[in-house]
1. Scan region 22-69 for residues that are without any contact (Cβ under 8 Å) to a residue 40 or more places away in the chain and either on the phi > 0 side of the Ramachandran plot or in contact with a helix residue (DSSP H, G or I) (Cβ under 6 Å, 6 or more places away or on another chain) (or both) and jot them down.
2. Only one residue in 77, 41 is assigned to a strand (DSSP E or B), more than 14 Å from the chain's Cα centre (by Cα) and farther than 25 Å from residue 141 by Cα. Which one?
3. Looking at 100, 138, which one is modelled with pLDDT of 95 or more and over 17 Å from residue 27 (Cβ atoms)?
4. Being part of a loop (DSSP other than H, G, I, E, B) and at pLDDT below 55 is the filter; apply it to region 11-38 and report the residue that is nearest to residue 137 (Cα to Cα).
5. Residue 68 - would you say it is over 15 Å from the mean Cα position of the chain (by Cα) and modelled with pLDDT of 95 or more?
6. Could you say whether any residue in region 141-154 is crowded, with 18+ Cβ neighbours inside 10 Å and under 14 Å from residue 70 (Cβ atoms)?
7. From the list 96, 81, which one is loosely packed, with under 15 Cβ neighbours inside 10 Å and touching a helix residue (DSSP H, G or I) at 6+ places or on another chain (Cβ under 9 Å)?
8. Scan region 50-65 for residues that are crowded, with 19+ Cβ neighbours inside 10 Å and either at pLDDT below 95 or in a strand (DSSP E or B) (or both) and jot them down.
C-alpha cells in the first residue's frame, strides 16, 4: 500500500494547478519623451499623441519587470473644461527577451495621475495581470518619473 501512495502522490502533485496570487508591487518608470504632438480640434479642445522610451525600476529588484525597458504610445483628449482623458500602451522587454504589455488610463484630471494594468505579454509575462495607480513628476528636459504602486501577478 505504501508503494502505491508514494507513486500516486507525486502524480497528483503534477496535475494540480498552480495557484498564484497578486502581490503588492511598487516602483518608478523613468520616461524619456520622444514626441508630444498636440492638435487643436476646436478652441480649447486638443487631441495629442505621445511616444516615450521607458525603463521600469521596481522597488523589489528581484521582480521580473525590474529594469525592463521599451516604448509607450498614447493619445489624450483635453476638453474645453481643461480635463484630460487618455490611454497609453507600453511594451517593455526584460533581460531574457520576454515582453510585458501594460495599459494606462487617465480620466478627467490633468493627465498626470491615473491607473494602469498589466495585460499579458510573452514568456514569463504571458499571464501577467494586476493593476496600480500612478503619478507623473516632470524632471529636467524631456524626462519624467512615473511613481506607481498596486498589485502585480507574473
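1. Correct list: 44, 67.
2. Working: 77 fails: farther than 25 Å from residue 141 by Cα.
Only one candidate qualifies: 41.
3. Working: 100 fails: over 17 Å from residue 27 (Cβ atoms).
So the residue among 100, 138 that is modelled with pLDDT of 95 or more and over 17 Å from residue 27 (Cβ atoms) is 138.
4. Just the residues of region 11-38 that are part of a loop (DSSP other than H, G, I, E, B), to begin with: 16-22.
Applying the additional criterion that residues be at pLDDT below 55 yields 16-20.
On the way: 16: 45, 17: 42, 18: 39, 19: 36, 20: 33 Å.
Checking each candidate, the answer is 20.
5. Taking the combined requirement at face value, the residue does not satisfy it.
6. Yes - at least one qualifying residue is present in region 141-154.
7. Numbers: 81 fails: touching a helix residue (DSSP H, G or I) at 6+ places or on another chain (Cβ under 9 Å).
None of the others qualify; the one that does is 96.
8. 50, 52, 54, 56, 58
The values are calculated or read from the model by the stated rules, or taken from the named source; none is laboratory data. None of the values given here were measured: they were computed from a predicted structure. A quick note on method: Cβ atoms are made from the backbone with ideal geometry, for glycine too, and the neighbour counts reach across all protein chains shown.
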